[in-house]
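The values are calculated or read from the model by the stated rules, or taken from the named source; none is laboratory data. All values derive from a computational prediction rather than experimental measurement. Don't worry about glycine lacking a Cβ; one is built from the backbone with ideal geometry, like all the others, and counts go over all protein chains shown. When the accessible area is computed, the model is the full protein with side chains, heavy atoms only, and any ligands, DNA or RNA have been set aside. Shrake-Rupley method; radii C 1.70, N 1.55, O 1.52, S 1.80 Å.
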Amino acid sequence: MKRNFTITVLFLCLVLGLGLNAFSQQQELPEWRLKKYLSEEEMRMPVRNINFTETDPPTAEVRFPGEYEPMQAAMVVYPLGIPVELVREMAEDCKVIVVARSSDQSYAENEFQSANVNMDNIEFLNANTDSYWIRDFGPWYIFNGKEPAIVDNRYNRPRPNDDEIPGHFAEYWDIEMFGMNVVHTGGNMMEDGRCHGVSDDIVITESASYGITEDEVYERMKAYLGIDPYHVTIDPQGDYIAHVDCWGKYLAPDKILLARVPESNPRYPYYEEVAEYFATTNCCWGYPYKIYRVDIPGGSVISPYTNSLILNNKVLMPLGSNSAYNEAALNIYREAMPGYEVIGVENNSYWDGWLNTDALHCRVRGVMDFNMFYVDHRDVVFGEQEWQDSVAITSKFIAYSGAELKQDSLLVYYSIDGGEYQTAKMTSTGNPDEYVGYIKGYNGGSKIDYYVFGADESNRRYQQPVFGELDPHTFTMGEHVETLLTLNPEEIVFDETYEHNVPQILTITNNTAADVVINDIMIKDQDSYNIEFDFSLPYTIAVGESAEVDVYATYVFKWIGFETEIVITSSVGEQVVTVMYDGTVGLEENSFASTEIYPNPMNDVLYIESENIISVTIFNAVGQQVLFVENRNEIDVTELNDGLYFVRLVDDKGNTLTKKIIKQ
């Protein structure tokens, strides 16, 4: 971010073709002022003196962490572009790495000590810089697989010392650096840590000046940073700076803070166009972004509220020149980020105070914790779900430190209808780093809040959402139409495969959401059909459990062709299983292989071609015997009414064969 502040002498020198370094050597202004205050005109100059080397992209899976993920340090430049009180605030919680010339280090130490900065958390990287906007020219930290790395890009300002800083930090950390051939700047990049990113369209126009096409920009953002989708928007602010952090900010993977100007402001339609885009665009978790609007009055009122810094559990927000707008902006952050400490930071200095195009975020850049513990629950459950008796929650747990996971600390925390939080332990799915746990015990229509928590043996811990139970993932379970017991099989057939005194097995499974009591099992028309059960009543079947009922048939040959029902009465209602009698029962030796019974349909005479038939019995459709003959192969059926009949043959060995015959 570069200030809209014109230094007349510098501008004249630039017009005369003098370089910045030559002008600095003249020492017409203090060198510390030259380092900080660079003009809008200087920013409009063609990019030159760029020391950039393109490399192949990373070879492992790339992840570009979000600003709200664990940070081990914050980077700043000295002389400072921020109040020393802000250095003190940041050094309370993490390292502050100060980029300073070796000749300036002692001045910085004295200033910090005088301000009671925790010097144990101050480290120096000695290097020359041209400005203090380390957000723009500083390194972009990524994970290449599980290893930290830096991505450098073509810096879009003519500042050769600033452009060297990513390389200095690669040496400082002793990590790999990749060169991405895209003209870019840190203030115009926000990422959610889960592959989504946002910039305004200056990245496309400036890259085009180097012959880099729009498609190539998207391809390289994916290859080097893992960003896909990449949301490239208009610049609603319409200022020379054209950086996304002047009007928007990720607060979480599903939350975006966007500035809002009054309707009377000429830029109002552009701000609303961007807001509408994100309100109708899905976040990485599959539903539209939650949009938080922060009002800025426009004009000369300083209100750089989106230009804040999220540093671990704190939000450091630059305060503007209107106290009412300040307080409203602080409250928006508190609403959107429960559990965070939101701190307003004043900077009313004439020389380096906050501006609407340059504030706190522009002048500080976080350094991700290279050894962070990360929870990556991508398949978030949200909205209304169709009824199911359990919900699987799947997540990856990644210990970048290489430490072992604490297996008893990989948990799903969930609350049903506002009740106390319960836990479900997560177990490995067999896929790398992936675990699953189950939410159970709810009713139809229940509202379920949940979050995923994990820890590793380095004592790092993390949760998703990072707000935990203060702002969890939420879904509702669809209404549950009471599920009856599952009966298997749904039809019991006694046929030629049935052996006397060997039971058919009826399995009753409780797939409802509560225990079920079996009160009675009976056969319809018990006096007419010989069905027996071996089952003690009443009997309780627990959720997810099964019971087996032994079903016997006696003298089945008397009811060939019949159907009846077993009636099961339980605490969830009445259900039936069909019992069918078909085929030949009790067949010991198949002497009927070549037997023919014809014609079918029969008219007046039924013919039977078979040897050793000793009897023929014909039953009507309701099981009544209507004809019986012995030792005959031609049977007069003239007196039978039209309809369905069952013909049972018995041979001299007692074997039986039954066939269905139609009379017409």
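Odds and ends about this structure:
- With all protein chains modelled, accessible area of Asp120 [1.4 Å, Å²]: 120 Å²
- For the chain, with +1 on Lys and Arg beta carbons and -1 on Asp and Glu, the positive-most of Val577, Asn633, Ser106 along the dipole: Ser106
- Rolling a 1.4 Å probe over the protein heavy atoms gives the range 191-306 an accessible area of 36 Å² per residue.
- The alpha carbon centroids of the range 179-229 and the range 122-160 are separated by 16 Å.
- Helix 268-279 and the longest principal axis of the C-alpha atoms of the chain enclose an angle of approximately 40°.
- Helical contribution to [θ] at 222 nm, DSSP H n ≥ 4, -39,500 (n - 2.57), averaged over the chain, rounded to 500: -4000 deg cm²/dmol
- In the chain, the longest principal axis of the Cα atoms and the axis of helix 323-336 are about 30 degrees apart.
- Estimated at the nearest 10 Å², the accessible area of Trp351 is 90 Å² with a 1.4 Å probe.
- The overall shape of the range 184-238, judged from the alpha-carbon gyration tensor, is oblate: a/c is not under 1.5, and a/b is no greater than b/c.
- Å² of accessible area per residue within the range 337-385, as computed with a 1.4 Å probe and no ligands counted: 35 Å²
- Heavy-atom surface analysis with a 1.4 Å probe gives the chain a carbon and sulfur content of 44 percent of its accessible area.
- Ratio of Rg to Rh for the chain: 1.28 [Cα atoms; Kirkwood radius as inverse mean 1/r over pairs].
- Between 0 and 90°, nearest 10: helix 214-225 axis offset from the chain longest Cα axis: 80 degrees
- Note on the range 157-258: Rg/Rh from C-alpha atoms, Kirkwood Rh, equals 0.97.
- Distance violations [Cα-Cα > 26 Å] among Lys95/Lys249; Lys290/Lys314; Lys249/Lys440; Lys222/Lys425: Lys249/Lys440; Lys222/Lys425
- Only Lys, Arg (+1) and Asp, Glu (-1) charged, at Cβ; the chain dipole about Cα centre in debye: 3160 debye
- Prolate/oblate/rounded label for the range 72-140 (Cα gyration tensor, a/c 1.5): oblate
- Probing with 1.4 Å while keeping every protein chain in the model, the per residue accessible area of the range 105-186 equals 34 Å².
- All other residues whose Cβ lies under 14 angstrom from that of Pro269 are scored, Lys and Arg at +1 and Asp and Glu at -1, for a net of -3.
- Probe 1.4 Å - accessible area at Met477, Å² to nearest ten: 0 Å²
- Averaging 1/r across all pairs of distinct Cα atoms in the range 209-367 and inverting the result yields a Kirkwood radius of 16.7 Å.
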